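The structure appears below as structure tokens.
The values are calculated or read from the model by the stated rules, or taken from the named source; none is laboratory data. All values derive from a computational prediction rather than experimental measurement. Glycine gets a Cβ as well: all are built from the backbone with ideal geometry, and neighbour counts include every protein chain shown.
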């Protein structure tokens, strides 16, 4: 009985460490701008999907949740903070829908299975990342008005970068699964 209790405590501690470190990695991925066409890309969506695949939906969901809470509380973890604001003011700005979409994306990415072939993995990841953009354009349209070219503003500039990140993650996904054994 004592061994079971100790194993449970160890697993909880490992999970909390992964969640904390994952939120730091997610914050770092938001800050690094990689030159890309037509706009520089960050690796946030890559990390969100990576968390879902490598650690499963519970750890990924709590990691993204912690990241969002850190940003809402005023830590400069979001992509353009502190330059464009911090805390709740930044969170409720134009990117809120995308940030909320991170939660659905990490969950859907966790549905990728080791036995899936690369085509299925690619499709699952495209669907997962698409939810980020669905939530994003829904919020962006609500915020700036539906009379604006929402898709051209909030999706089109990011498509090539997302295709690159999803493709890269698809290729390495079978190796990433080994991290699930850690938690």
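Among the residues of the range 144-166, those that are surrounded by 14 or more Cβ atoms within 10 Å (Cβ to Cβ) and either touching a helix residue (DSSP H, G or I) at 6+ places or on another chain (Cβ under 8 Å) or under 30 Å from residue 8 (Cα atoms) (or both) comprise 150, 153, 154, 155, 158, 162, 165, 166.
The set of residues from the range 62-80 being outside any helix (DSSP H, G or I) and under 17 Å from the mean Cα position of the chain (by Cα) comprises 76, 77, 78, 79, 80. Would you check if residue 38 is in a loop (DSSP other than H, G, I, E, B), in contact (Cβ under 8 Å) with a residue 12 or more places away in the chain and closer than 18 Å to residue 131 by Cβ? For residue 38, the condition - in a loop (DSSP other than H, G, I, E, B), in contact (Cβ under 8 Å) with a residue 12 or more places away in the chain and closer than 18 Å to residue 131 by Cβ - is not met. Residues to consider are 112, 48; find the one that is within 29 Å of residue 12 (Cα to Cα) and under 14 Å from the mean Cα position of the chain (by Cα). 48 is the lone residue from the list that is within 29 Å of residue 12 (Cα to Cα) and under 14 Å from the mean Cα position of the chain (by Cα).
Say whether the condition of being at pLDDT 95 or above, farther than 15 Å from residue 50 by Cβ, touching a helix residue (DSSP H, G or I) at 6+ places or on another chain (Cβ under 8 Å) and not in a loop (DSSP other than H, G, I, E, B) is met by at least one residue in the range 104-119. Among the residues of the range 104-119, at least one is at pLDDT 95 or above, farther than 15 Å from residue 50 by Cβ, touching a helix residue (DSSP H, G or I) at 6+ places or on another chain (Cβ under 8 Å) and not in a loop (DSSP other than H, G, I, E, B), which makes the answer yes. Of all residues in the range 109-123, those satisfying the criterion of being surrounded by 21 or more Cβ atoms within 10 Å (Cβ to Cβ) and closer than 18 Å to residue 58 by Cβ are 109, 110, 112.
Inspection of the range 87-98 identifies at least one residue that is surrounded by 18 or more Cβ atoms within 10 Å (Cβ to Cβ), within 13 Å of the chain's Cα centre (by Cα) and within 18 Å of residue 164 (Cβ to Cβ).
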